[in-house]
Structure formats: structure tokens, C-alpha cells
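What follows is a short report on a single structure.
The values are calculated or read from the model by the stated rules, or taken from the named source; none is laboratory data. Every value quoted in this text rests on a predicted model; they were computed, and no experiment measured them. Using ideal geometry, Cβ is built from the backbone for each residue, glycine included, and neighbour counts are taken over all protein chains shown.
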């Protein structure tokens, strides 16, 4: 593209009306409606507009769509696609790594960065927080802790199986074993501290060698 906007130019773009490549590019302010009819507002975006020198037809390319998308993001108070991409690249992370740390879906992140979809407010706030290196470090550390939980679940599962093979069942022991089995199937209950409690019970069983330890 010729850097002198307003001068006649030749480009890969052609007029959508007559097919001419004699186009002039100008930066124009365009107003457009946004939102449902009951709460519609008028937004303004600066858009590169092509004007055909042969037939006078005006149109814009994908940069115009991006400018309109940015205007909507600013209106909603969320980060634009370029800002989202800058946050990720400043952290030196690929899309896969960024999603793993933030808990996003890769397809969602790709749509946010390319302007296909506007992130909701909660996702936008998390992306903003990921712009601070200390928050990246905190989430990495937290993810490492949770990555080690399957070994705890495996220990519980093995303990429950051993307990079920024992002939020394007390009513309290049965209840505790049932709870341990449930938690081994649903490890997210660790958020309530129950997984750790059952792990401790499992360790007591192994030390004492008796299912009766479950009632201790």
C-alpha cells in the first residue's frame, strides 16, 4: 500500500462494483449501530476506506472490520484482540501454554485474538491479571500442586481395595471407606479438604495394618 493516504493507488484490492484496481485509500470516521433494538447505541470507528477512481464505489477490507470490533470492545470495557495477543506474547507463551495456565479453551483464545468473538467480563479480567508476571508464577505453582493430586487419588483407591478384602469391618470403618471411594472417584472435592483427610486415614491404615484404623 502507498503510505500517502488519499493518493490514487494500485493494490491487490479491486473495486467490488466494477473490478477496477484504481483505488484511493482514506481514513474515515464511520458510525455504526451496536446492540439490540431496545438498547442500541451508536459507536464510531476510524476505518481505512477504499474509493474507486473509476466508478466512485466505496468499501473497506478486514482492517475496517477489526476497527469496528475494537470500538465494540472499548465500548464494553474489555481488551481488544491486539491487547490480548500482546499480553500472551509479553509473557513469552504459546497459545497452548497460555490456555493451560489460565484455564482457557484454545479455540476460545484463538477467537479472542482474531476478533471473531468478544471475551466475557470474567475471561477479560483473568487475561488482564495474566499481564502481571507474578500472577503467571502463582498460577503455575498452583497447577503444579494439582498435577500431583492423581497420585493421592491412586493411593486412596489402592487402600479402599485393600480394606474391602479385609474381614475386620466396623460400621464406622464402612462409612469411612465408602467416603474414601467417593472422593477417589471425584478428586475435585479436595477443595473442601476431604481428599487430604482421607489420605491421612489411608496412611493410618497402612501403618497399623488394620481396617479398624479407619474409625480412629
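Looking only at the range 121-144, which residues are free of Cβ contacts under 8 Å to residues at least 12 places away in the same chain and closer than 23 Å to residue 74 by Cα?
Filtering the range 121-144 for residues free of Cβ contacts under 8 Å to residues at least 12 places away in the same chain gives 122, 125, 129, 132, 134-135, 137-138, 141-142, 144.
Selection gives 122, 125, 129, 132.
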The range 108-119, residues that are without any contact (Cβ under 8 Å) to a residue 24 or more places away in the chain and assigned to a loop (DSSP other than H, G, I, E, B):
116, 117
Filter the range 122-153 for residues that are exposed (fewer than 11 other Cβ atoms within 10 Å of the Cβ) and either within 14 Å of the chain's Cα centre (by Cα) or modelled with pLDDT of 95 or more (or both) and give the result.
122
Condition first: in a loop (DSSP other than H, G, I, E, B), in contact (Cβ under 8 Å) with a residue 12 or more places away in the chain and either in contact with a strand residue (DSSP E or B) (Cβ under 8 Å, 6 or more places away or on another chain) or not assigned by TED's automatic domain parsing to the domain that holds residue 21 (or both). Now tell me which residues in the range 33-75 satisfy that.
53, 54, 57, 60, 61
Select from the range 89-107 the residues that are buried (at least 18 other Cβ atoms within 10 Å of the Cβ) and either farther than 12 Å from residue 130 by Cα or without any contact (Cβ under 8 Å) to a residue 40 or more places away in the chain (or both) and list them in ascending order.
98, 99, 102, 104
